[in-house]
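Values in this text are rule-based calculations from the coordinates and carry no lab data. Please read these numbers as outputs of a predicted model, since none were measured by experiment. Cβ coordinates were reconstructed from backbone atoms using ideal geometry, including for glycine residues, and neighbour counts include every protein chain displayed.
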């Protein structure tokens, strides 16, 4: 649902009537600066979201590595306690 030529012309004419020809250029400049600021803020928010998503992806990968790691078996634990016992004597 875009604006046609007649709708834009009507908006410009109404703004001209309300604000006058002297204030209209300043209003246009202020509106342009506000839109630029909004776009910059949206870009920063998007970058922050992308960084957060890449950080969570790297954390997920490390969790997968931990999950796939070989578990400690009872044989390994008994060998470790036997080594500790032999080192004490």
- Query: At residue 10 and residue 68, where each label point lies 7 Å from the Cα along Cα→Cβ, what is the point-to-point distance in nanometres?
  - Reply: 6.2 nm
- Task: With viscosity set to 0.692 mPa s and temperature to 37 °C, compute the Stokes-Einstein D of region 6-59, Rh being the Kirkwood radius across alpha carbon pairs; µm²/s, no decimals.
- Result: 234 µm²/s
